[in-house]
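As structure tokens, the structure follows; a few thoughts come after it.
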Amino acid sequence: MKGRFAPSPSGRMHLGNVYAALLSWLSVKKKGGSWVLRIEDLDPQRCKLDYALQLEDDLRWLGLDWDEGGTENRGSCGPYLQSQRSEIYEDFLERLRRTGLTYPCTCTRADIMATQAPHESDGRIVYKGTCRPANITVIASNAVRASVPDGSPSGLSAATRLYVPDKAITFTDGHYGAQSVNLATHCGDFILRRKDGAWAYQLAVVVDDALMGITEVVRGRDLLLSASQQLYLYDILSLNAPEFIHFPLICNEAGQRLSKRDKSLDMGELRQTYTPEQIIGRIAYFAGQTDRPEPMNAQELLKLFEWDKVPVQDIVIEV
């Protein structure tokens with residue numbers, strides 16, 4: 001049994017990040033498993049090594065040490081920083097190219113937004129297949145293996161997209177139960193590599209979780225529907241998929257999930273005001289594990305932890 005915490009080092013951790021780290025640690029440790037720290041620093045403009053080192057210091061201060069991974073690349077499945085795994089992703093992208101299900105896309109964001117229906121107002125962007133080759137559905141239905149080049153015929157820089165079928169992907173989430181998502185209507189063909197050469201989250205996370213032997217993925221419910229895209233990739237690549245367990249988000253009074261913009265709840269402020277035991281005790285209360293926010297350390301909470309106590313609805317706190 002192996003779980004993981006995979007933060008992006010784009011700023012100081014906040015209470016919501018600590019909550020995510022703690023639940024993933026509790027879940028796998030309750031089952032006697034190991035906990036991996038993977039640094040998801042795919043975006044060089046936003047992610048900094050200093051932030052990664054700071055979040056490691058914050059985790060240790062909280063008493064959440066990892067068994068594998070981190071910036072020191074502890075373990076046999078490294079490197080554990082995504083910025084150091086480009087050759088691995090290139091290999092798996094080539095495998096996907098050989099299926100004939102990838103294609104180059106030169107669409108800009110403005111192009112894609114122009115195709116969105118007026119009722120699509122929930123923030124989702126559904127790609128309508130503007131650059132999709134006409135024969136790709138035949139390739140998919142006949143399971144023909146044919147290489148489709150990623151270079152744009154016009155010489156323009158192009159992203160690489162993966163064709164998705166018009167059918168439901170079903171799975172059972174460990175906390176939210178049965179799920180069914182039609183990728184064609186939920187997101188459309190999705191990006192594997194951006195125009196600028198940066199790797200897309202969906203490909204990187206699938207490859208990394210598979211190669212690192214991750215057996216359970218514990219994360220916020222805002223990523224619940226992403227599991228269907230990832231399961232589709234696991235299937236195409238013939239990789240073993242983990243169990244997915246999603247949890248409710250911690251939100252402010254306006255119903256917005258906490259972010260790095262909420263400076264009053266980042267670890268810099270929290271460490272000046274609270275002890276590690278006070279922070280963990282408060283999160284234990286938010287997560288339904290205790291009746292009141294009493295100070296406790298991670299090991300004490302581990303003895304109490306039960307997924308059945310974690311609420312389904314988002315948790316609203318005063319910021």
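The values are calculated or read from the model by the stated rules, or taken from the named source; none is laboratory data. Quantities reported herein were computed from a predicted structural model and do not represent experimental measurements. Cβ atoms come from the backbone with ideal geometry, glycine included; neighbour counts cover every protein chain shown. Note: areas computed on protein heavy atoms with side chains; ligands, DNA, RNA excluded. Shrake-Rupley method; radii C 1.70, N 1.55, O 1.52, S 1.80 Å.
Taking the longest Cα principal axis of the chain as reference, the axis of helix 276-286 is set at about 70 degrees. Just the protein heavy atoms count here, and of the accessible area of the chain at 1.4 Å, carbon and sulfur take up 48 percent. Over the chain, DSSP H runs of length four or greater, each weighted -39,500 (n - 2.57), average out per residue to a 222 nm ellipticity of -9500 deg cm²/dmol. Amide H contacts of R193 (H built 1.01 Å from N, in plane; Pro and chain starts excluded): T160, A200 sit under 5 Å, all sequence-distant by 5 or more or on other chains. For L183, neighbours were defined as the other residues whose beta-carbon sits under 10 Å from its Cβ, and their charges (Lys and Arg +1, Asp and Glu -1) total -1.
Summary of packing: across the peptides 17-23, 198-204, the per-residue average of other C-beta atoms within 10 Å ranks them, highest first, as 17-23, 198-204.
In this structure the stretch 213-304 gives 48 Å² per residue of accessible area when probed at 1.4 Å with all protein chains present.
Evaluated with a Cβ-only charge set (Lys, Arg +1; Asp, Glu -1), the stretch 12-108 carries a dipole of roughly 400 debye about its Cα centre, given to the nearest 20.
For T290, the residues whose modelled amide H falls within less than 5 Å of its own, excluding neighbours fewer than 5 places apart on the same chain, are Y285.
Of the residues L225, V319, Y274, the one whose Cα sits farthest towards the positive end of the charge dipole of the chain is L225 (charges of +1 on Lys and Arg Cβ, -1 on Asp and Glu Cβ, taken about the Cα centre).
DSSP beta bridges confined to the chain are antiparallel in about 55 percent of cases. Calculate the translational D of the stretch 23-100 in whole µm² s⁻¹ from Stokes-Einstein, where the hydrodynamic radius comes from the Kirkwood formula applied to all Cα pairs, the temperature is 4 °C and the viscosity 1.567 mPa s. In µm²/s, the coefficient rounds to 91. Extension gain, R46 to N252, is 71.7 nm, computed as 0.36 nm per intervening residue step minus the present C-alpha separation. Dipole magnitude for the chain: about 660 debye, using +1 per Lys or Arg Cβ and -1 per Asp or Glu Cβ, origin at the Cα centre. The C-alpha atoms of the chain define a longest principal axis, and helix 226-237 lies at about 50 degrees to it.
Compared with the alpha-carbon gap, the fully stretched path from T172 to L239 is longer by 22.3 nm at 0.36 nm per residue. Taking 7 Å steps out from each Cα toward its Cβ at D91 and Y274 produces label points 4.2 nm apart. In the complete set of protein chains, residue-level accessible area for K48 is approximately 90 Å², probe 1.4 angstrom. Amide H contacts for I315 (H built 1.01 Å from N in the peptide plane; partners 5 or more residues away or on another chain; cut-off under 5 Å): L249, I250, C251.
In order along the stretch 54-59, the phi-based Karplus estimate (6.51 cos²θ - 1.76 cosθ + 1.60, θ = phi - 60°) of 3J(HN,Hα) comes to 5, 5, 5, 5, 5, 5 Hz; Gly and Pro are listed as x.
Relative to the dominant Cα principal axis of the chain, helix 201-211 is inclined by about 70°. Put +1 on the Cβ of each Lys and Arg and -1 on the Cβ of each Asp and Glu in the chain; which of A6, A200, L62 then has its Cα farthest toward the positive end of the dipole? Positive-most Cα among the choices belongs to A200. Taking the centroid of alpha carbons for each part, the stretch 59-90 and the stretch 168-218 are 20 Å apart.
Gap in Å between the Cα centre of the stretch 10-45 and the Cα centre of the stretch 282-297? Measuring centre to centre over Cα atoms gives 19 Å.
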